[in-house]
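Data block below; observations after.
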């Protein structure tokens, strides 16, 4: 994982931030807030977004703050833990033509981790946003991040993503997003 992220080559993957899961996850509110920041950055900078929903009949849809920021067509139900294991999501990820996949969501050590390994196996470059992923237990989150880091998967922060996507100060986009970062 070398080099900076670019808006032109990135896609934002939001993994399973759902109504019945998020409240059970440690620091889920903080991870969701950072995800919302990235969704706003993706909107401003025209970065495509894909949202997965693990077994929505049981875990509910994505939380409202995610749902209201993405088109219905960008939300995909799944039963596989890895997003790449779902044919529709995999096809959408590949069709986007973006090499860098910035991933956020729940749970770090299960669906996020398995998706990251699947993305790498497809030849894409996964970047996991450390402050926008969460698990029910802090130890599971830490173990998931450590395993991904050891495998060479990029670990970044939400602010790193925003400012790498922006590339420079002084634009209207910078002014809009810098207000959100503060």
Inset, instruction - Collect the residues in region 104-122 that are touching a residue at least 40 places away in the same chain (Cβ under 8 Å) and not in a helix (DSSP H, G or I), keeping them in residue-number order. - result: 104, 105, 106, 107
Inset, instruction - Would you check if there is a residue in region 123-140 being surrounded by 13 or more Cβ atoms within 10 Å (Cβ to Cβ) and assigned to a helix (DSSP H, G or I)? - result: yes
Legend entry - Tally of residues being under 22 Å from residue 30 (Cβ atoms), without any contact (Cβ under 8 Å) to a residue 60 or more places away in the chain and in a helix (DSSP H, G or I) across region 141-155: 8
Inset, instruction - Looking at (1) under 21 Å from residue 82 (Cβ atoms); (2) within 13 Å of the chain's Cα centre (by Cα); (3) crowded, with 23+ Cβ neighbours inside 10 Å; (4) touching a residue at least 60 places away in the same chain (Cβ under 8 Å), find the lone condition where residue 47 falls short. - result: (1)
Legend entry - Flag for residue 98 being farther than 18 Å from residue 177 by Cα, in contact with a strand residue (DSSP E or B) (Cβ under 6 Å, 6 or more places away or on another chain) and either surrounded by fewer than 23 Cβ atoms within 10 Å (Cβ to Cβ) or without any contact (Cβ under 8 Å) to a residue 40 or more places away in the chain (or both): yes
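Every residue, every condition in (1) in a strand (DSSP E or B); (2) within 15 Å of residue 158 (Cβ to Cβ), yes or no:
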| position | (1), (2) |
| --- | --- |
| 13 | yes, yes |
| 20 | no, no |
| 23 | no, no |
| 26 | no, no |
| 39 | no, yes |
| 65 | no, yes |
| 76 | yes, no |
| 88 | no, no |
| 102 | yes, yes |
Inset, instruction - Confirm whether residue 70 is in a strand (DSSP E or B), within 21 Å of residue 181 (Cα to Cα) and at pLDDT 95 or above. - result: no
Inset, instruction - Residues being within 23 Å of residue 122 (Cα to Cα) and in contact with a strand residue (DSSP E or B) (Cβ under 9 Å, 6 or more places away or on another chain): count how many of those fall in region 135-161. - result: 9
Legend entry - Condition met for residue 37 (buried (at least 19 other Cβ atoms within 10 Å of the Cβ), touching a strand residue (DSSP E or B) at 6+ places or on another chain (Cβ under 9 Å) and farther than 23 Å from residue 114 by Cβ): yes
Legend entry - Extreme residue, surrounded by the most Cβ atoms within 10 Å (Cβ to Cβ), among residues of region 156-182 that are modelled with pLDDT under 95 and not in a helix (DSSP H, G or I): 167
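The values are calculated or read from the model by the stated rules, or taken from the named source; none is laboratory data. Computed from a prediction, not measured in an experiment: that's the story for all the values here. No Cβ is skipped: glycine too gets one built from the backbone with ideal geometry, and neighbour counts run over all protein chains shown.
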